[in-house]
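The values are calculated or read from the model by the stated rules, or taken from the named source; none is laboratory data. All values reported here derive from a predicted model rather than from experimental measurement. Reconstructed Cβ throughout: ideal geometry from the backbone, glycine too, with neighbour counts over all protein chains shown. Accessible surface is based on the protein model in full, side chains and every heavy atom, while ligands, DNA and RNA are left aside. Shrake-Rupley method; radii C 1.70, N 1.55, O 1.52, S 1.80 Å.
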Amino acid sequence: MAGGILSLIAPLQEEPLHGVIHSVFEHVCNIMFGRRMITVVQGDERIPDSIRLNAEEFRRLSSAAKTADICLSEAELAWNDVNIPLRIDGWNGGMVTGAFSGAEILRAIQDAGIPRLALSAESQADLHDAAESILRNQSMMAHRILYRLIGLGQGLTPSADDAVIGILAVLRRSEGIRFPMPVSLLERTTDVSAKYLRCAGQGYFTERIQAIFEADSNGLPRAVRHAAAWGASSGSDMLHGVEVICEIICEQEG
């Protein structure tokens with residue numbers, strides 16, 4: 001892969017953006033451009049608002065000083081004396097509304113033995129009630145419940161946040177629902193988690209979570225396992241959210 005590949009949920013402004021490195025991990029580097037976080041990944045992992053680089057280009061970026069002025073346009077990523085050409089991918093993470101079998105997904109998650117979400121019984125009940133409120137278009141009720149949930153759990157993306165993303169993915173796919181996250185909720189969690197919640201609220205999700213809804217019966221178990229492997233626990237926590245809302249929808253359908 002020569003140069004980088006941009007996957008954007010919205011076009012960049014005409015003038016280059018200037019930002020700084022927020023955090024660096026083994027295969028991921030997060031850059032803050034004002035209030036917009038762009039995730040740089042090594043390899044082919046597709047994430048909304050991201051740049052995919054090869055191993056050498058990623059190494060050069062991840063070793064840059066935290067104070068380096070990182071410049072981004074739709075044509076290149078640049079810092080110091082480094083210029084990496086970019087091209088825009090047709091994929092941006094937008095979830096397409098379509099039919100899927102919630103019952104099959106539930107079975108696949110249960111068969112995979114996904115670890116249970118490490119939240120209290122009260123928070124588990126809140127997660128169910130938040131999912132139901134969003135489904136019923138009860139936004140004010142959902143916001144009150146989410147105010148208690150967002151930011152709960154350990155890690156760079158807290159467990160409750162990941163579960164909420166799973167809920168929003170199902171509702172976007174099945175019902176076409178978008179649920180924009182207000183700043184008051186995003187401020188309750190980490191910068192990285194806020195980025196994924198903001199994208200999910202607007203209808204944009206990682207390729208791993210979307211693959212669950214695209215897979216046929218034969219491919220579904222593998223898609224579930226692949227989604228579960230995202231991060232230390234983020235994937236399994238997202239799948240718990242998928243499970244919660246699929247159970248609600250299946251109960252309603254009888």
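Using a 1.4 Å probe over the heavy atoms of the protein chains, calculate the carbon and sulfur portion of the accessible area of the chain as a whole percent.
Ligands and nucleic acids excluded, carbon and sulfur give 49 percent.
Under a Cβ-Cβ cut-off of 12 Å, what is the net charge of the residues other than Ile47 that fall near it, where Lys and Arg count +1 and Asp and Glu count -1? Walk me through the intermediate numbers first.
Numbers: positive: Arg46, Arg52, Lys195, Arg208; negative: Asp44, Glu45, Asp49, Asp89, Glu207.
Result for the neighbourhood of Ile47: -1.
Could you state the number of Å between the C-alpha centres of segment 91-147 and segment 191-254?
Each part reduced to its Cα centre gives a spacing of 9 Å.
Less than 14 Å Cβ to Cβ from Ser23, Lys/Arg counted +1 and Asp/Glu -1: what total charge do the surrounding residues give? Mind dumping the intermediate values first?
Details: positive: Lys66, Lys195; negative: Glu26, Asp191.
Surrounding charge for Ser23 is 0.
Excluding ligands and nucleic acids, what accessible area in Å² is computed for Asp111 using a 1.4 Å probe, to the nearest 10?
The value for Asp111 is about 130 Å².
222 nm [θ] for the chain, helices only, -39500 (n - 2.57) per DSSP H run of 4+, per residue, to 500?
Details: 10 runs with 114 residues, N = 254.
Computed mean residue ellipticity for the chain: -13500 deg cm²/dmol.
Counting only residues 5 or more places away or on other chains, whose amide H sits under 5 Å from the amide H of Glu76 once H atoms are built in the peptide plane?
Placed amide hydrogens put Leu86 under 5 Å from Glu76.
Distance from a point 7 Å along Cα→Cβ of Tyr147 to each backbone N in segment 177-191: keep the residues under 12 Å and list them by number.
184-185
Roughly speaking, what is the stretch gain from Arg59 to Ser217, that is 0.36 nm per residue apart minus the C-alpha to C-alpha distance, in nm to one decimal? The partial results should precede the final answer.
Values: separation 158, 0.36 × 158 = 56.88 nm, distance 3.87 nm.
Computed gain between Arg59 and Ser217 is 53.0 nm.
Determine the relative contact order of the chain: mean sequence separation of Cα pairs under 8 Å and six or more apart, normalised by residue count, in whole percent.
On the way: 460 pairs, mean separation 50.9, N = 254.
The normalised contact order for the chain reaches 20 percent.
Within segment 170-195, find all residues whose amide N lies under 13 Å from a label point positioned 7 Å from the Cα of Glu251 along Cα-to-beta-carbon.
none
Using a simple spin-label model with points 7 Å from Cα along the Cα→Cβ vector, what separation in nm is obtained for Gln124 and Ala99?
Between Gln124 and Ala99, the simple spin-label model gives 3.4 nm.
Taking the Cα-to-Cβ direction at Ser139 and at Arg107 and moving 7 Å from each Cα, how far apart do the two end points lie in nm?
That separation, rounded to one decimal, is 3.8 nm.
Return the FRET efficiency for the residue pair Lys66, Ser184: r is the Cβ-Cβ distance, R0 is 25 Å, and the value is rounded to the nearest 0.05.
Efficiency at R0 = 25 Å is approximately 0.30.
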